[in-house]
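Undergrad: The structure is given below, and queries will be raised subsequently.
The values are calculated or read from the model by the stated rules, or taken from the named source; none is laboratory data. These numbers come from a predicted model, not from an experiment. Here the Cβ positions follow ideal geometry from the backbone for every residue, glycine too, while neighbour counts run over all protein chains shown.
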Amino acid sequence: MLILFLRAVLLYLFILFILRMTGKRQIADLQPFDLIITMAIADLAATAIADTDIPLLYSVVPILALYLVQQTVAHLSLKSGRFRAFVCGSPLLLVREGVLQENIMRQANYTVADLSDHLRAGSVFDLKTVQYAILETNGTLSVLEKQKADQPQPRLSYMLILDGAWCKTALKHLRLSPKALRALLRRYGVQEAADVFYLQYLGDGSLHLQLKARRGSKVMDIPRKEVRELCS
């Protein structure tokens, strides 16, 4: 019994260390590949704790291997938008400007009842008050409600550059030309997209960007008027 107790404590501390190394996230925030690796680690640890005939090293080595796999996948996801979309999927717009997107909901096997359940969980009890609803890659639902009648309706923001890479889907949706955006960025002293940590198209038509750390993490705003003049 003492051996079982000590094995359980040692594996608990080891797994706690591994999970802390992978990042401070709750289960609800995990991407699919994170969740799979977490479940596999838990299974390896449980087997080693229950069966004293199995050397601890036989669990420690596979757990370290899974940790390395998780870190590799996370690094590749950070560097490649295509790889990230393949592994994690892409957010799905279930409600656009107050209209439910039936085809997208069918694609995601997401019913109106599912949507209503998630909206109520976020204290939204009426579908007609929803301007946008986005099903995130981790399964959570992000909701933007409509404004009052005397206020302009909110619009979604889009990432145009992430970690130096153009987001082609967003550019195509907004009908923005990378060539025109490059010319606009040069006006603000940004020569290459590789220098940009992120560039965001805001709902009011303006741009917000932050340069990478090697460029001093400088933050800039580009007014809507300049965006429309150069990119329209």
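Undergrad: Output the residues belonging to segment 193-212 that are more than 21 Å from the chain's Cα centre (by Cα) and at pLDDT 90 or above.
TA: Passing the criteria: Asp195, Ser206.
Undergrad: Do we find that Phe83 is among the aromatic types (Phe, Trp, Tyr), in contact with a helix residue (DSSP H, G or I) (Cβ under 8 Å, 6 or more places away or on another chain), under 29 Å from Ala133 (Cα atoms) and free of Cβ contacts under 8 Å to residues at least 24 places away in the same chain in this structure?
TA: Taking the combined requirement at face value, the residue satisfies it.
Undergrad: Starting from segment 170-193, keep only residues that are assigned to a loop (DSSP other than H, G, I, E, B), then list their pairs with residues that are modelled with pLDDT under 90 and surrounded by 13 or more Cβ atoms within 10 Å (Cβ to Cβ) whose Cβ atoms are within a distance under 6 Å, requiring at least 6 positions of separation or different chains.
TA: Leu176/Cys231
Undergrad: Next question, about the same structure. Select, from Val60, Val95, Val73, the only residue that is surrounded by 14 or more Cβ atoms within 10 Å (Cβ to Cβ), within 30 Å of Ala194 (Cβ to Cβ) and of a type in the set (A, V, I, L, M, F, W, C).
TA: Answer to the check: Val73.
Undergrad: Which members of segment 39-50 meet the condition of being at pLDDT below 80 and surrounded by fewer than 18 Cβ atoms within 10 Å (Cβ to Cβ)?
TA: Ala50, the sole residue that qualifies.
Undergrad: Return the residues of segment 90-104 that are assigned to a loop (DSSP other than H, G, I, E, B) and at negative phi; say none if nothing qualifies.
TA: Selection gives Ser90, Pro91, Gln101.
Undergrad: Just name the residue that is surrounded by the most Cβ atoms within 10 Å (Cβ to Cβ) out of those in segment 104-117 that are closer than 12 Å to Leu94 by Cα and not hydrophobic (A, V, I, L, M, F, W, C).
TA: It comes out as Tyr110.
Undergrad: Now, a different point. Based on this model, can you work out whether Val130 counts as farther than 28 Å from Phe33 by Cα, crowded, with 16+ Cβ neighbours inside 10 Å and either within 22 Å of the chain's Cα centre (by Cα) or modelled with pLDDT under 85 (or both)?
TA: So Val130 fits the description; yes.
Undergrad: Does any residue in segment 50-68 that is closer than 14 Å to Leu10 by Cα and assigned by TED's automatic domain parsing to the domain that holds Met39 come within less than 6 Å, Cβ to Cβ, of a residue that is of a type outside the set (Gly, Ala, Ser) and buried (at least 16 other Cβ atoms within 10 Å of the Cβ) six or more places away or on a different chain, and which pairs are these?
TA: Filtered contacts from segment 50-68: Ser59/Leu44; Ile63/Ile41; Ile63/Leu44.
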